[in-house]
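Notes for the one structure printed next.
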Amino acid sequence: MGNLEEIKTILGPLRVYENEPLSRHTYFKIGGPARLFFEAKTVDDLKLAVETAYRYQIPFVVLGGGANVLVSDRGFEGLVIKNKATGIKLIGLKGTIGKTGKGIKNALVWTASGTPMNQLARFTIDQTLEGLEFLLSVPGTIGGGLKINAHFNVEKHEFIGNRLMSAALFDLKTGTTKSVNHDYFDFSYDHSKIQETDEIVLEAIFKLDKAKDQGDLWQKAMDGIKRRNEEQPVGSACSGCIFRNISRKDAMRLVTPNLTTSTGYIIESLGLKGTKIGGAAISSTHTNFIINTAGATAGDVLKLINLIKTKAKEKYNLDLKEEIFYVGDFDEISN
Ligand SMILES: Cc1cc2nc3c(=O)[nH]c(=O)nc-3n(C[C@H](O)[C@H](O)[C@H](O)COP(=O)(O)OP(=O)(O)OC[C@H]3O[C@@H](n4cnc5c(N)ncnc54)[C@H](O)[C@@H]3O)c2cc1C
(Lines give C-alpha, C1' and ligand atoms only; values in the text may rest on other atoms or scores of the structure.)
Protein backbone atom coordinates (compact mmCIF):
# COMPACT_ATOMS: atom_id res chain seq x y z
CA MET A 1 0.00 0.00 0.00
CA GLY A 2 1.58 3.29 -1.12
CA ASN A 3 1.31 6.64 0.65
CA LEU A 4 1.45 4.96 4.02
CA GLU A 5 3.61 7.65 5.62
CA GLU A 6 1.42 10.44 4.23
CA ILE A 7 -1.71 8.81 5.62
CA LYS A 8 -0.03 8.42 9.00
CA THR A 9 1.00 12.07 8.97
CA ILE A 10 -2.55 13.22 8.22
CA LEU A 11 -4.22 11.04 10.85
CA GLY A 12 -1.46 11.48 13.44
CA PRO A 13 1.56 9.13 13.38
CA LEU A 14 0.99 7.99 16.96
CA ARG A 15 -2.68 7.25 16.34
CA VAL A 16 -2.21 4.93 13.37
CA TYR A 17 -1.20 1.37 14.24
CA GLU A 18 0.23 -1.15 11.82
CA ASN A 19 -0.84 -4.80 11.83
CA GLU A 20 -3.34 -4.41 14.66
CA PRO A 21 -5.07 -7.78 15.30
CA LEU A 22 -8.74 -7.34 14.46
CA SER A 23 -9.67 -10.21 16.77
CA ARG A 24 -9.37 -7.55 19.49
CA HIS A 25 -12.15 -5.54 17.87
CA THR A 26 -14.82 -8.11 17.04
CA TYR A 27 -17.41 -9.86 19.21
CA PHE A 28 -16.38 -13.10 17.53
CA LYS A 29 -12.78 -12.54 18.76
CA ILE A 30 -11.73 -13.57 15.26
CA GLY A 31 -9.81 -11.67 12.58
CA GLY A 32 -6.27 -11.22 11.30
CA PRO A 33 -4.31 -7.95 11.25
CA ALA A 34 -5.30 -4.61 9.78
CA ARG A 35 -2.52 -3.16 7.66
CA LEU A 36 -3.38 0.23 9.17
CA PHE A 37 -5.71 0.84 12.11
CA PHE A 38 -7.08 4.16 13.33
CA GLU A 39 -9.51 4.86 16.14
CA ALA A 40 -11.87 7.78 15.37
CA LYS A 41 -12.80 9.49 18.62
CA THR A 42 -15.01 12.22 17.14
CA VAL A 43 -17.20 12.70 14.08
CA ASP A 44 -14.47 14.99 12.67
CA ASP A 45 -11.89 12.20 13.15
CA LEU A 46 -14.17 9.75 11.34
CA LYS A 47 -14.75 12.18 8.51
CA LEU A 48 -11.03 12.92 8.16
CA ALA A 49 -10.21 9.20 8.08
CA VAL A 50 -12.74 8.32 5.36
CA GLU A 51 -11.84 11.45 3.37
CA THR A 52 -8.17 10.47 3.55
CA ALA A 53 -8.85 6.89 2.45
CA TYR A 54 -10.98 8.27 -0.39
CA ARG A 55 -8.33 10.78 -1.45
CA TYR A 56 -5.51 8.23 -1.48
CA GLN A 57 -7.78 5.56 -3.00
CA ILE A 58 -6.86 2.96 -0.39
CA PRO A 59 -9.26 0.20 0.64
CA PHE A 60 -10.89 1.00 3.96
CA VAL A 61 -13.59 -0.30 6.23
CA VAL A 62 -15.38 1.28 9.19
CA LEU A 63 -15.89 -1.00 12.18
CA GLY A 64 -18.44 -0.05 14.79
CA GLY A 65 -18.78 -2.47 17.68
CA GLY A 66 -17.65 -5.39 15.51
CA ALA A 67 -20.83 -7.23 16.55
CA ASN A 68 -22.00 -8.16 13.04
CA VAL A 69 -18.85 -9.03 11.11
CA LEU A 70 -16.68 -11.98 10.25
CA VAL A 71 -13.14 -10.76 9.61
CA SER A 72 -10.83 -12.88 7.47
CA ASP A 73 -7.93 -14.72 9.09
CA ARG A 74 -5.74 -12.78 6.65
CA GLY A 75 -7.07 -9.55 8.12
CA PHE A 76 -7.62 -6.41 6.03
CA GLU A 77 -5.05 -5.06 3.57
CA GLY A 78 -6.01 -1.40 3.98
CA LEU A 79 -7.16 1.08 6.61
CA VAL A 80 -9.54 -0.09 9.32
CA ILE A 81 -11.31 2.81 11.01
CA LYS A 82 -12.69 1.88 14.41
CA ASN A 83 -15.59 4.22 15.07
CA LYS A 84 -15.49 5.40 18.66
CA ALA A 85 -17.11 8.76 17.87
CA THR A 86 -19.69 8.93 20.62
CA GLY A 87 -22.14 11.61 21.72
CA ILE A 88 -25.86 12.10 22.30
CA LYS A 89 -27.84 15.30 22.80
CA LEU A 90 -31.39 16.55 22.74
CA ILE A 91 -31.63 19.08 19.95
CA GLY A 92 -35.32 19.88 19.79
CA LEU A 93 -38.59 19.56 21.62
CA LYS A 94 -42.08 19.91 20.23
CA GLY A 95 -45.20 20.70 22.27
CA THR A 96 -45.79 22.81 25.37
CA ILE A 97 -42.52 22.82 27.24
CA GLY A 98 -43.45 24.76 30.41
CA LYS A 99 -41.86 24.11 33.81
CA THR A 100 -42.93 20.48 34.10
CA GLY A 101 -42.29 19.51 30.49
CA LYS A 102 -45.56 17.58 30.61
CA GLY A 103 -46.88 19.03 27.36
CA ILE A 104 -43.92 17.84 25.29
CA LYS A 105 -45.09 15.66 22.40
CA ASN A 106 -41.86 14.61 20.77
CA ALA A 107 -38.16 15.30 20.68
CA LEU A 108 -35.20 15.19 18.33
CA VAL A 109 -32.10 13.38 19.52
CA TRP A 110 -28.70 13.75 17.82
CA THR A 111 -26.07 11.01 18.00
CA ALA A 112 -22.57 10.50 16.69
CA SER A 113 -22.50 7.28 14.66
CA GLY A 114 -20.06 5.46 16.95
CA THR A 115 -22.40 5.76 19.92
CA PRO A 116 -23.33 2.33 21.29
CA MET A 117 -27.00 1.63 20.61
CA ASN A 118 -27.57 0.67 24.24
CA GLN A 119 -26.30 4.10 25.33
CA LEU A 120 -28.85 5.74 23.08
CA ALA A 121 -31.56 3.48 24.53
CA ARG A 122 -30.57 4.43 28.08
CA PHE A 123 -30.54 8.13 27.24
CA THR A 124 -33.95 8.08 25.56
CA ILE A 125 -35.54 6.09 28.39
CA ASP A 126 -34.07 8.56 30.91
CA GLN A 127 -35.75 11.33 28.91
CA THR A 128 -39.06 9.37 28.91
CA LEU A 129 -38.91 9.13 25.12
CA GLU A 130 -40.28 5.98 23.54
CA GLY A 131 -39.38 4.04 20.43
CA LEU A 132 -35.78 2.87 20.92
CA GLU A 133 -35.91 1.17 24.32
CA PHE A 134 -35.57 -2.25 22.64
CA LEU A 135 -31.98 -1.28 21.73
CA LEU A 136 -30.93 -1.61 25.37
CA SER A 137 -29.79 -5.18 24.75
CA VAL A 138 -28.53 -4.87 21.17
CA PRO A 139 -24.71 -4.74 20.84
CA GLY A 140 -23.05 -2.37 18.37
CA THR A 141 -23.14 1.24 17.27
CA ILE A 142 -25.66 3.52 15.59
CA GLY A 143 -23.74 3.33 12.26
CA GLY A 144 -23.68 -0.48 12.21
CA GLY A 145 -27.28 -0.52 13.43
CA LEU A 146 -28.51 1.68 10.59
CA LYS A 147 -26.71 -0.45 8.01
CA ILE A 148 -28.61 -3.62 9.04
CA ASN A 149 -31.69 -1.79 10.40
CA ALA A 150 -31.09 -3.29 13.87
CA HIS A 151 -34.15 -4.82 15.47
CA PHE A 152 -35.35 -6.88 18.34
CA ASN A 153 -38.96 -7.97 18.16
CA VAL A 154 -39.62 -7.97 14.42
CA GLU A 155 -43.32 -8.93 14.84
CA LYS A 156 -43.75 -5.74 16.88
CA HIS A 157 -41.93 -3.71 14.22
CA GLU A 158 -39.05 -2.79 16.52
CA PHE A 159 -36.49 -1.45 14.03
CA ILE A 160 -33.96 1.34 14.60
CA GLY A 161 -34.78 2.77 11.16
CA ASN A 162 -38.39 3.49 12.15
CA ARG A 163 -37.25 6.38 14.34
CA LEU A 164 -34.50 7.81 12.16
CA MET A 165 -35.28 11.30 10.90
CA SER A 166 -32.08 12.21 9.07
CA ALA A 167 -28.40 11.38 8.85
CA ALA A 168 -25.12 12.75 7.53
CA LEU A 169 -23.42 10.31 5.18
CA PHE A 170 -20.04 10.23 3.52
CA ASP A 171 -20.71 9.51 -0.14
CA LEU A 172 -18.07 7.29 -1.73
CA LYS A 173 -18.99 8.28 -5.27
CA THR A 174 -18.30 11.98 -4.80
CA GLY A 175 -16.06 12.03 -1.73
CA THR A 176 -18.40 14.50 -0.05
CA THR A 177 -20.75 14.58 2.92
CA LYS A 178 -24.48 14.81 2.36
CA SER A 179 -27.56 15.02 4.52
CA VAL A 180 -30.32 12.50 3.82
CA ASN A 181 -33.71 11.82 5.36
CA HIS A 182 -35.38 8.64 6.57
CA ASP A 183 -36.79 7.64 3.16
CA TYR A 184 -33.37 7.64 1.55
CA PHE A 185 -32.41 4.52 3.54
CA ASP A 186 -35.22 2.40 2.06
CA PHE A 187 -35.35 0.44 5.33
CA SER A 188 -36.87 -3.02 5.55
CA TYR A 189 -36.09 -6.17 7.54
CA ASP A 190 -32.26 -6.45 7.67
CA HIS A 191 -31.95 -3.93 4.86
CA SER A 192 -30.95 -0.34 4.28
CA LYS A 193 -29.77 1.29 1.10
CA ILE A 194 -26.25 1.87 2.46
CA GLN A 195 -25.65 -1.87 2.09
CA GLU A 196 -25.61 -1.19 -1.65
CA THR A 197 -23.88 2.21 -1.67
CA ASP A 198 -21.35 1.53 1.14
CA GLU A 199 -21.90 5.09 2.34
CA ILE A 200 -20.62 5.86 5.81
CA VAL A 201 -22.91 7.17 8.54
CA LEU A 202 -21.25 10.07 10.35
CA GLU A 203 -24.13 11.24 12.55
CA ALA A 204 -27.86 10.67 12.89
CA ILE A 205 -30.97 12.37 14.25
CA PHE A 206 -33.90 10.39 15.69
CA LYS A 207 -37.44 11.62 16.29
CA LEU A 208 -39.06 10.11 19.37
CA ASP A 209 -42.43 10.49 21.04
CA LYS A 210 -42.82 11.45 24.66
CA ALA A 211 -44.01 8.43 26.69
CA LYS A 212 -46.51 8.62 29.52
CA ASP A 213 -44.51 6.56 31.96
CA GLN A 214 -40.75 6.07 32.19
CA GLY A 215 -41.27 2.92 34.29
CA ASP A 216 -43.06 1.23 31.39
CA LEU A 217 -40.11 1.94 29.11
CA TRP A 218 -37.63 0.41 31.57
CA GLN A 219 -39.92 -2.59 31.98
CA LYS A 220 -40.06 -3.13 28.22
CA ALA A 221 -36.29 -2.81 27.89
CA MET A 222 -35.67 -5.21 30.80
CA ASP A 223 -38.18 -7.72 29.36
CA GLY A 224 -36.07 -7.69 26.20
CA ILE A 225 -32.92 -8.46 28.19
CA LYS A 226 -34.70 -11.29 30.02
CA ARG A 227 -35.88 -12.79 26.74
CA ARG A 228 -32.37 -12.52 25.29
CA ASN A 229 -30.87 -14.25 28.33
CA GLU A 230 -33.32 -17.11 27.89
CA GLU A 231 -32.94 -17.52 24.12
CA GLN A 232 -29.33 -16.66 23.32
CA PRO A 233 -25.88 -18.05 24.26
CA VAL A 234 -25.08 -15.11 26.52
CA GLY A 235 -21.40 -14.56 27.23
CA SER A 236 -20.13 -16.58 24.23
CA ALA A 237 -17.95 -15.01 21.56
CA CYS A 238 -20.22 -14.73 18.52
CA SER A 239 -21.68 -12.31 16.00
CA GLY A 240 -25.37 -12.66 16.80
CA CYS A 241 -27.56 -14.26 14.13
CA ILE A 242 -25.48 -15.46 11.21
CA PHE A 243 -28.34 -15.60 8.70
CA ARG A 244 -31.35 -13.44 7.93
CA ASN A 245 -34.69 -15.07 8.54
CA ILE A 246 -36.39 -16.76 5.60
CA SER A 247 -39.19 -15.05 3.70
CA ARG A 248 -42.85 -15.52 4.55
CA LYS A 249 -43.28 -17.05 1.10
CA ASP A 250 -40.67 -19.74 1.86
CA ALA A 251 -42.21 -20.35 5.30
CA MET A 252 -45.55 -20.99 3.57
CA ARG A 253 -43.96 -23.19 0.91
CA LEU A 254 -42.24 -25.29 3.58
CA VAL A 255 -45.24 -25.16 5.94
CA THR A 256 -43.00 -24.41 8.93
CA PRO A 257 -44.63 -24.75 12.39
CA ASN A 258 -46.89 -21.71 12.91
CA LEU A 259 -45.35 -20.48 9.65
CA THR A 260 -42.22 -19.42 11.50
CA THR A 261 -39.65 -17.57 9.40
CA SER A 262 -36.92 -18.41 11.89
CA THR A 263 -33.69 -19.58 10.27
CA GLY A 264 -32.81 -21.04 13.67
CA TYR A 265 -35.71 -23.47 13.14
CA ILE A 266 -34.41 -24.38 9.67
CA ILE A 267 -30.87 -25.07 10.93
CA GLU A 268 -32.19 -27.15 13.82
CA SER A 269 -34.42 -29.18 11.48
CA LEU A 270 -31.36 -29.93 9.34
CA GLY A 271 -29.94 -31.71 12.37
CA LEU A 272 -27.02 -29.32 12.64
CA LYS A 273 -27.50 -28.08 16.21
CA GLY A 274 -24.17 -28.30 18.08
CA THR A 275 -22.16 -29.19 14.94
CA LYS A 276 -18.51 -28.24 15.45
CA ILE A 277 -15.73 -27.46 13.00
CA GLY A 278 -12.37 -26.57 14.54
CA GLY A 279 -13.06 -24.08 17.32
CA ALA A 280 -16.44 -22.97 15.94
CA ALA A 281 -19.79 -24.53 16.82
CA ILE A 282 -23.45 -24.04 15.96
CA SER A 283 -24.96 -22.97 19.25
CA SER A 284 -27.24 -25.40 21.05
CA THR A 285 -29.09 -22.50 22.66
CA HIS A 286 -29.87 -20.57 19.46
CA THR A 287 -29.12 -22.47 16.26
CA ASN A 288 -28.75 -19.30 14.15
CA PHE A 289 -25.70 -18.38 16.28
CA ILE A 290 -22.21 -19.74 15.63
CA ILE A 291 -19.95 -19.48 18.63
CA ASN A 292 -16.21 -19.33 18.97
CA THR A 293 -15.72 -22.03 21.58
CA ALA A 294 -11.92 -21.60 21.72
CA GLY A 295 -9.44 -20.41 19.13
CA ALA A 296 -11.87 -20.57 16.20
CA THR A 297 -10.64 -19.17 12.91
CA ALA A 298 -12.72 -17.31 10.34
CA GLY A 299 -12.11 -20.37 8.17
CA ASP A 300 -13.82 -22.61 10.74
CA VAL A 301 -16.84 -20.28 10.90
CA LEU A 302 -17.01 -20.05 7.12
CA LYS A 303 -16.98 -23.84 6.77
CA LEU A 304 -19.98 -24.04 9.12
CA ILE A 305 -21.75 -21.27 7.20
CA ASN A 306 -21.16 -23.07 3.90
CA LEU A 307 -22.31 -26.37 5.39
CA ILE A 308 -25.59 -24.81 6.58
CA LYS A 309 -26.15 -23.13 3.20
CA THR A 310 -25.49 -26.33 1.26
CA LYS A 311 -27.81 -28.44 3.43
CA ALA A 312 -30.58 -25.81 3.37
CA LYS A 313 -30.36 -25.72 -0.42
CA GLU A 314 -30.37 -29.51 -0.76
CA LYS A 315 -33.21 -30.20 1.63
CA TYR A 316 -35.42 -27.13 1.30
CA ASN A 317 -34.25 -25.39 -1.88
CA LEU A 318 -33.52 -22.36 0.30
CA ASP A 319 -30.89 -19.74 -0.48
CA LEU A 320 -29.93 -18.55 2.98
CA LYS A 321 -28.48 -15.06 3.10
CA GLU A 322 -26.02 -13.89 5.72
CA GLU A 323 -26.95 -11.18 8.21
CA ILE A 324 -23.28 -10.73 9.07
CA PHE A 325 -20.90 -8.77 6.82
CA TYR A 326 -17.59 -10.15 5.63
CA VAL A 327 -14.45 -8.02 6.08
CA GLY A 328 -11.26 -8.88 4.16
CA ASP A 329 -10.56 -11.65 1.66
CA PHE A 330 -12.25 -15.04 1.80
CA ASP A 331 -11.63 -17.76 -0.76
CA GLU A 332 -14.79 -19.77 -0.66
CA ILE A 333 -18.02 -18.03 0.31
CA SER A 334 -20.71 -20.21 -1.31
CA ASN A 335 -23.70 -18.51 -2.90
C1 LIG B 1 -24.71 -11.36 21.16
C2 LIG B 1 -25.27 -10.59 20.01
C3 LIG B 1 -26.62 -10.35 19.95
C4 LIG B 1 -27.18 -9.63 18.89
N5 LIG B 1 -28.50 -9.36 18.87
C6 LIG B 1 -29.02 -8.60 17.90
C7 LIG B 1 -30.40 -8.22 17.89
O8 LIG B 1 -31.15 -8.55 18.79
N9 LIG B 1 -30.84 -7.44 16.89
C10 LIG B 1 -30.02 -7.02 15.89
O11 LIG B 1 -30.49 -6.30 15.00
N12 LIG B 1 -28.73 -7.36 15.85
C13 LIG B 1 -28.21 -8.13 16.83
N14 LIG B 1 -26.89 -8.46 16.79
C15 LIG B 1 -26.05 -8.00 15.69
C16 LIG B 1 -25.46 -6.62 15.94
O17 LIG B 1 -25.73 -6.21 17.25
C18 LIG B 1 -26.06 -5.59 14.98
O19 LIG B 1 -25.96 -6.02 13.65
C20 LIG B 1 -25.39 -4.23 15.08
O21 LIG B 1 -26.10 -3.36 14.28
C22 LIG B 1 -23.93 -4.25 14.69
O23 LIG B 1 -23.41 -2.95 14.87
P24 LIG B 1 -21.84 -2.73 14.89
O25 LIG B 1 -21.58 -1.31 15.17
O26 LIG B 1 -21.20 -3.70 15.80
O27 LIG B 1 -21.47 -3.07 13.39
P28 LIG B 1 -20.11 -3.77 12.87
O29 LIG B 1 -20.17 -5.21 13.17
O30 LIG B 1 -18.93 -3.03 13.37
O31 LIG B 1 -20.26 -3.54 11.32
C32 LIG B 1 -21.29 -4.16 10.59
C33 LIG B 1 -21.34 -3.55 9.18
O34 LIG B 1 -21.70 -2.16 9.30
C35 LIG B 1 -20.68 -1.35 8.73
N36 LIG B 1 -20.60 -0.12 9.53
C37 LIG B 1 -20.22 0.02 10.82
N38 LIG B 1 -20.28 1.31 11.17
C39 LIG B 1 -20.71 2.00 10.09
C40 LIG B 1 -20.96 3.37 9.82
N41 LIG B 1 -20.76 4.33 10.73
N42 LIG B 1 -21.43 3.71 8.60
C43 LIG B 1 -21.64 2.76 7.64
N44 LIG B 1 -21.37 1.46 7.83
C45 LIG B 1 -20.92 1.08 9.05
C46 LIG B 1 -19.41 -2.20 8.77
O47 LIG B 1 -18.47 -1.76 7.81
C48 LIG B 1 -19.97 -3.58 8.48
O49 LIG B 1 -20.20 -3.72 7.10
C50 LIG B 1 -26.31 -9.16 17.86
C51 LIG B 1 -24.93 -9.39 17.94
C52 LIG B 1 -24.40 -10.09 19.00
C53 LIG B 1 -22.92 -10.27 19.07
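Could you work out the relative contact order of the chain, using alpha carbon pairs under 8 angstrom and six or more residues apart, expressed as a whole percent?
16
If you count only protein heavy atoms and use a 1.4 Å probe, how large is the accessible surface of H157, to the nearest 10 Å²?
120
Among M252, N288, I277, whose Cα sits farthest toward the positive end of the charge dipole of the stretch 235-311 (+1 at Cβ of Lys/Arg, -1 at Cβ of Asp/Glu, about the Cα centre)?
Of the listed residues, the answer is M252.
Computing the accessible area with a 1.4 Å probe over protein heavy atoms, can you report the carbon and sulfur percentage for the chain?
50
How much accessible surface does K210 have with a 1.4 Å probe, in Å² rounded to 10?
70
Past 18 Å, Cα to Cα: identify those pairs from K249/K321; K94/K220; K8/K29; K226/K273, in the order given.
With Cα atoms farther than 18 Å apart: K94/K220; K8/K29; K226/K273.
If only Cα atoms are counted, what is the Rg of the stretch 14-83, and what is its Dmax, in Å?
Considering the stretch 14-83 through its Cα atoms, Rg and Dmax are 11.3, 32 Å.
Dipole of the chain, Cα-centred, from +1 at each Lys and Arg C-beta and -1 at each Asp and Glu C-beta, to the nearest 20 debye?
The dipole of the chain has a size of about 820 debye.
Translational D (Stokes-Einstein, µm²/s) of the stretch 234-327 at 10 °C and 1.306 mPa s when Rh comes from the Kirkwood sum over C-alpha pairs?
Result for D is 119 µm²/s.
Determine the per residue accessible area of the chain with all protein chains present and a 1.4 angstrom probe, expressed in square angstrom.
That works out to 47 Å² per residue.
I'd like the distance between the alpha-carbon centres of the stretch 1-77 and the stretch 187-221, rounded to an integer number of Å.
The stretch 1-77 and the stretch 187-221 have Cα centres separated by 26 Å.
What is the ratio of the Cα radius of gyration of the stretch 130-204 to 2.2 N^0.38 Å, where N is its residue count, to two decimals?
Here the answer is 1.07, to two decimals.
Could you work out the mean projected area of the convex hull around the alpha carbons of the chain, in square nanometres to one decimal?
So the mean shadow area of the Cα hull is 18.0 nm².
The values are calculated or read from the model by the stated rules, or taken from the named source; none is laboratory data. Everything quoted here is computed from the prediction, not taken from an experiment. A quick note on method: Cβ atoms are made from the backbone with ideal geometry, for glycine too, and the neighbour counts reach across all protein chains shown. Keep in mind that these areas ignore ligands, DNA and RNA; they rest on the heavy atoms of the full protein, side chains included. Shrake-Rupley method; radii C 1.70, N 1.55, O 1.52, S 1.80 Å.
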